[in-house]
Amino acid sequence: MPPVFPMLTVLSMFYYMCLRRRARTATRGEMNSRRAIESNTRALPINVEIVQYAKEVLDFSSHYGSENSMSYTMWNLAGIPNVYPSSGDFTQTAVFRTYGTWWDRCPSARLPFKRTPSTFCSQDYVELAFEEPVYPTAVHILETYHPGAVVRILACSTNPYSQNPPAEVRWEILWSEAPTKVNGPQARQFTPCIKQINFPTNLIRLEVNSSLLDYYTELDAVVLHGVKERPVLSLKTSMIDMNDIDEDEDEEKYGCGMDTLNKQFSIVTLREWPTNGYFDKLPYELIQLILSHLTVPDLCRLAQTCKLLYQHCCDPLQYIHLSLQPYWARINDTSLEYLQSRCTLIQWLNLSWTGNRGAISVSGFSRFLKVCGSELVRLELSCGHFLNETCLEVITEMCPNLQELNLSSCDKIPPQAFNHIAKVGTLKRLILYRTKVEQTALLSILNFCSELQHLSLGSCVMIEDYDLIASMMGAKCKKLRSLDLWRCKNITESGIAELASGCQLLEELDLGWCPTLQSSTGCFTNLARKLPNLQKLFLTANRSVCDTDIEELAANCTHLRQLDILGTRMVSPASLRKLLESCKDLSLLDVSFCSQIDNRVVLELNANFPNVFIKKSFTQ
């Protein structure tokens, strides 16, 4: 009689696979407790848990602070806590650039890409390196003000301190959740229940969404707990690692399992069917409309069903607008190569966050644009650290119809490379936030790109004379509607006067943290009188803003919707009442750290003007 033990082993494996599938429908916490009960196991071998703070901040998409200081910058996430467990607004914390939905409700707001999967809601990110690679057992995030922004935590297989470049860079989602509203701005330690992974890591990435927050979120430190040896479950019946069963399905559930996407792109051998059922009776255009609601991975899966749907899923009309940002962790040269034939008519392309750590090469990017760039109108390349001068040259040569270019936080592009942008005379929107653009290149761009309507120069530290830049804008960029000069260090009343005289269509102006502007020179009064269409004005941290400026805004800028005067000592409650009475559309007023505006005044203004969000920050 043949032995029965092999059959029992197979049955036990099947039994645990079934348990795994059932557990997938439960919450992450229920799943972990169920595994513990059903397996009656203990972790082997017993490892000593290592606890470590971030050693270094490697990369990030934005921050509130300056490039030349530590206040409110992402670099504050390195090391031990500076503030926690205290609550409040502290300069020693890490703060992203935006919060709430205010930036989506101003003249510079961009239209969203369709087909963004519901599981992807990240707006910003920061990547942290730790000393020792470990198998993570917990991640603690110390949030000190307005918590609740973190929506994803990822781990990378690459050791940033290794001398040998890896053959493959793999990212795993440890935890993911939709944005949730947290009651109260108080500090907390956020410790979500994370997924076990099958490789050690010392590179952790946090992704955030601040859309539900009432103010900027502030992070103090990140603590990584882990063990050096991979935990193995010792089962009474078998040695099955539950984390290895259907791991790809878990990845797909959380939107980062794109390893098979390249294979799906390339599938061309399809089964012949005698009929396509009801699809044969539908007009081609109607099928196209139905498929337009699918995400890119879903299109790839559907393309494998039959030749008819393969034809529809590969139709270039399905790729007029394409965002690959949700799949940043898996997009590489091969992905772009497979997409080339489908993207010959593409007009909007979002490659933000993609291609880093060698995933996309200069040659791969160039080949793609040479085939697909002729119809491009909008190109998003935020945080594309693979970009260099050759890439910008290819963009300007292959995209003659380009109107919008986003190079936000592309801080690896050399200064001289920005000269190529001046060749794109059709540009209407240019975002150069946190880039190394220098003055000569920017003057050339302004001279030849006279159609510009939206320009972001926030935190561009290599520009030596912003007065000269403002003068060129006033002379050449008459159609300018929004201008971001956040943390511009040397613009004066002279530059503001030239700007206000020449760009009278301006609806949005960010002069936050521009210390060389003084109200006593009349610069803000001049702005109010020359720019009656202003809807958003940020004068953040300018301590000289006074009642006269506020009253001029009330008299001349009645369309004002957002005003930030954080930090001024010279504005009284009386002038704010005049402003609120005059500007009926005002929805955001930030008076944080305004010494004459205490909590009692804010409560009174809120009661009389309930449609205005009046923000008063605090420090304990």
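For the reader, a short list of remarks on this structure follows.
- Estimated at 0.36 nm per residue, the fully extended path between residue 465 and residue 168 surpasses their Cα-Cα distance by 102.5 nm.
- Zero-based 10 Å bins, Cα pair distances in the chain, whole percents: 3, 15, 22, 24, 19, 11, 4, 1, 0, 0, 0
- Normalising the Debye intensity of region 483-619 to I(0), with uniform scatterers on Cα atoms only, and taking log10 at q = 0.09, 0.10, 0.21 Å⁻¹ returns -0.23, -0.28, -1.31.
- On Cα atoms only, tilt of 599-608 relative to the major axis of the chain in degrees: 90 degrees
- Extension gain, residue 559 back to residue 587 (0.36 nm per residue minus Cα-Cα distance, nm): 9.0 nm
- Degrees separating the helix 28-39 axis from the principal Cα axis of the chain, which is the longest one: 20 degrees
- With at most 15 other Cβ atoms within 10 Å, longest stretch of the chain clear of loop chymotrypsin sites (Phe, Trp or Tyr not before Pro) (DSSP): 162-617
- Tilt relative to the chain, helix 547-556 - C-alpha long axis, 0 to 90 degrees, to 10: 80 degrees
- Distance violations [Cα-Cα > 29 Å] among 370/428; 479/578; 476/578; 114/536: 479/578; 476/578
- The alpha carbons of region 329-425 give a radius of gyration and a Dmax of 12.1, 34 Å, in that order.
- Karplus (6.51, -1.76, 1.60) ³J(HN,Hα), θ = phi - 60°, over region 86-103, in Hz, Gly and Pro reported as x: 5, 10, x, 8, 10, 5, 7, 9, 9, 9, 7, 6, 10, 7, x, 10, 5, 6
- Listed by chain and number, the lysines whose C-alpha is less than 16 Å from the C-alpha of residue 436, apart from same-chain residues fewer than 8 away, are 412, 489.
- Label-point gap, in nm, between residue 478 and residue 412 - each point 7 angstrom along Cα→Cβ: 4.2 nm
The numbers here are math on the coordinates, done by the rules we state, and not lab data. Quick caveat: nothing in here was measured; it's all calculated off a predicted structure. Positions of Cβ are generated from backbone atoms using ideal geometry, with glycine treated the same way; all protein chains shown enter the neighbour counts.
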